[in-house]
Each structure stands twice: as structure tokens, then as C-alpha cells.
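Where a number appears in this text, it was derived from the coordinates with a stated rule and is not lab data. Since the model is a prediction, treat every value here as computed from it, not as a measurement. Here the Cβ positions follow ideal geometry from the backbone for every residue, glycine too, while neighbour counts run over all protein chains shown.
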Amino acid sequence: MAQTTVPHNLPRGSFKSGLLLWIGVTLASGAAAGWLDNRWGRPADLAAAGENLSQTPEKFGDWVLEHSQSLDEDAAELLQASGSTLRNYRNQSTGDAVTVALIVGPAGPMSVHHPEVCYSSRDFKTLAPAKRFHVVGAVDAEFWGMTLEHAGLDGGKLSVAYGWNDGRGWAAPQQPRIQFGGAPLLYKLQLAAPLSGNERFDKSDPCRMFLRDFLPALNAVLLRASPAQNALRSELSGGGETVADRPRRES
């Protein structure tokens, strides 16, 4: 499969670093928080959860996979990730490109990283504070979203979105370490998409459009669970809060 072509208005290295940057900073966060994972709930069937990620859809709606890889061994070991997939997708109708990073592992390392910090250290500035948004469509999910601008001469912009899933749906809590502290496993999903300059954060943002099509297909994969994971999902949901139960916050 071919590598994703970076739109001319964003520096090529800047877009590629969006994915590589996420890996590098997550490594640091995972290494710093790794010692916590034995204190964050009982062990779960992490191996099965990791294997499920290999089934992440390659085509859905107008989106087609162009390139995929996993975390390198050193990164996966430091992060204690049981599974990962790093992908580039392109919309065949609009030409939009979206980079996707999906990982699963112990809740401690998965929950400590916020991309605002790492992007600011790599010549990106946040144009506005991150806002929660709800994915409209077949699934009910909440993510953080923000727009960044590169400090270089081109001033290329990136849309970034991220959220977590502990088995009860995709959520964007203010303090993920606290909310997911008792979860035996946690998925982290992060997207980055270069912007042409005409998109609106709440209407034509590529990350939002991608999530609308991607999440129904992805959730079907995540539901292909082992008996241990099914028991975990039942335990987490029984009498507990689901995404649909959480109070709505307007972005």
C-alpha cells in the first residue's frame, strides 16, 4: 500500500511527525507511569484485546487504508501496549487524509498522555483550547478535538482528536487517570488530519467526518472479545455509567 501524500499547505515533515510525535511522547508518558499498571485493577485479557486490533477495518464509507504499521518493539515495551495499529486513511471523495493511532494496554500508561503538550514542543501552537465534541451518527461517543498551527512559514494547520474506551464506549474525561483508574484495560484512539484552511471545526473537520464512519466499524471489531473480555464488559457496565449516561457538555 502506498504512503499517504501530504497536502502542499502543510510541511511534509510536520504531518509525518504528527504520528511519530505521538509515539515518542507516549513512550515517555508510558515509561513514567508504567509502574502504576499493577495497581490499576486486576489483570484482563490484554492479549485478546491486542489481537483484535489486527482486524481494524481497511475500508468503510468513502475511506480507504493507504498504509499501516505497528509500534516498534521498544515503543510497545515501554508503553506496555498489548496491541497497536498506526494507519493512514484517505477519503476517496474529498481527498482528505487522516492519520490514526489505536493502542490498547493497561489503564495507567494509556491514560496519562495529552497531545497538546507534545505538539507544543514541536513547533505547533494550539489555536484554541481543546473542546469536547460528540460524534454524530450511528454511535454515541465523546472525543477531545483541537486545531493546531505550525510555526513555520507555511503555517500549516492540523486537526487533532483523541479519546479513550474502557469497554463502556468512547469518552473524553477531564481527568482520564481518575475516571479509568479501575479499568484493567484501556483503548486510546488519536487522529490527526492536515487542514486546507476552509474547514470548520464543527462541520467539515476531517477528524469528525472520519470518526462518524470509522467508529461503527471499529466498535464491531472491539466487540469480538474473548470470554474474559465479555465478563469484563458486563462487570464494568453493570450498574455503572455508560457513554449514553454521561452528562452532555456542549463544545
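What the table below lists for this structure:
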read-out: Cβ-derived FRET efficiency at R0 41 Å, ALA151 paired with ALA47, nearest 0.05; value: 0.45
read-out: Contour excess over end-to-end distance, with Cα ends at GLN174 and GLU73 and 0.36 nm allotted per residue; value: 33.3 nm
read-out: Long-range amide H partners of HIS67 with built H, under 5 Å; value: ASN88
read-out: Length gained when the stretch VAL221-SER93 is fully extended (0.36 nm per residue, less Cα-Cα span); value: 43.6 nm
read-out: Computed E for LYS125/GLU58 - FRET, C-beta separation, R0 45 angstrom, nearest 0.05; value: 0.85
